[in-house]
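The values are calculated or read from the model by the stated rules, or taken from the named source; none is laboratory data. Only a predicted model underlies this, so the values are computations on that prediction, with no experimental measurement involved. Note that we place each Cβ from the backbone using ideal geometry, even for glycine, and neighbour counts take in every protein chain shown.
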Amino acid sequence: MDKYDTGNDYYCYPGTSVLKNKLNIKDESILENAEREITSVSIRNISYSDPPYNIEYFKKLHLNLFSELYEWAGKTRDVDISKGGTRFCTAYRIVPEIEKIFSQLREENYLKNAAGNKFAKKLAEYYAEFNVIHPFREGNGRVQRLFFEHLAAYNGYVLDWSLISQDEWIKANIDGFNVQYQSLNNIFIRILSRA
């Protein structure tokens, strides 16, 4: 689970950083395990779809992944969050900012005209932009990776996330947040292969 810095976060049980959940789990490590197990099953029930891709598609992925656990699954957050000093998109700007990104992606024909290293470069840039927004209270990384699998599949590629270490991925995402895309670009070059 992502560990966000929030004040007066009504998503959590009072006095804790444990997210309120349908299973009423109040221990963070138990909730992390439950979330991992539940999403590993629920992801199998999510079908790939061709574009158009938009915020509703993103929210549907989140809903399908997390509806067994969270009442707010599939809904954008309405609290501001930060992580390790990195502040994500202000809650009231989530929808307009993510719609801008999806509009740009649509204008680029969902990257159909990009190939090889150019495709990896575009994935890196878009991944960093989506990551800055962090539209959900929890589960952003899983939704983004799943969405990028769909985007890659639409373009005839597969992504192998197992080729990345967690430390490398975190550092690349921090670099991307600071508009330095090379680390993410290198990762996408490595994990992309033709379907």
Seminar exercise, completed: Checked VAL79, VAL41 against criteria (under 30 Å from ARG106 (Cβ atoms) and either exposed (fewer than 13 other Cβ atoms within 10 Å of the Cβ) or of a type in the set (A, V, I, L, M) (or both)); the one match is VAL79
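For (1) surrounded by fewer than 15 Cβ atoms within 10 Å (Cβ to Cβ); (2) closer than 23 Å to GLU32 by Cα, each residue gets a yes or a no:
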position	(1), (2)
GLU97	no, no
LYS121	no, no
ASN140	no, yes
ILE174	no, yes
ILE191	no, no
ALA195	yes, no
For this session: Answer yes or no: is there a residue in region 31-45 that is β-branched (Val, Ile, Thr), modelled with pLDDT under 95, under 17 Å from the mean Cα position of the chain (by Cα) and closer than 20 Å to ASN131 by Cα.
Result: no
Exercise. Do we find a residue being polar (S, T, N, Q) and either buried (at least 16 other Cβ atoms within 10 Å of the Cβ) or farther than 19 Å from LEU146 by Cβ (or both) anywhere in region 2-12?
Worked result: yes
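Considering region 111-126 alone, what residues qualify as being of a type in the set (D, E, K, R) and touching a residue at least 24 places away in the same chain (Cβ under 8 Å)?
If the condition is that a residue be of a type in the set (D, E, K, R) and touching a residue at least 24 places away in the same chain (Cβ under 8 Å), then LYS112, LYS121, GLU125 are the ones that fit.
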For this session: Considering every residue within region 46-62, establish whether at least one is β-branched (Val, Ile, Thr), over 23 Å from PHE177 (Cβ atoms) and surrounded by fewer than 18 Cβ atoms within 10 Å (Cβ to Cβ).
Result: yes
Exercise. What residue, of GLU129, GLU108, GLU97, is more than 16 Å from ILE55 (Cα to Cα) and touching a residue at least 12 places away in the same chain (Cβ under 8 Å)?
Worked result: GLU108
For this session: Scan TYR157, TYR181 and give me the residue that is more than 17 Å from the chain's Cα centre (by Cα), buried (at least 19 other Cβ atoms within 10 Å of the Cβ) and over 20 Å from HIS62 (Cα atoms).
Result: TYR157
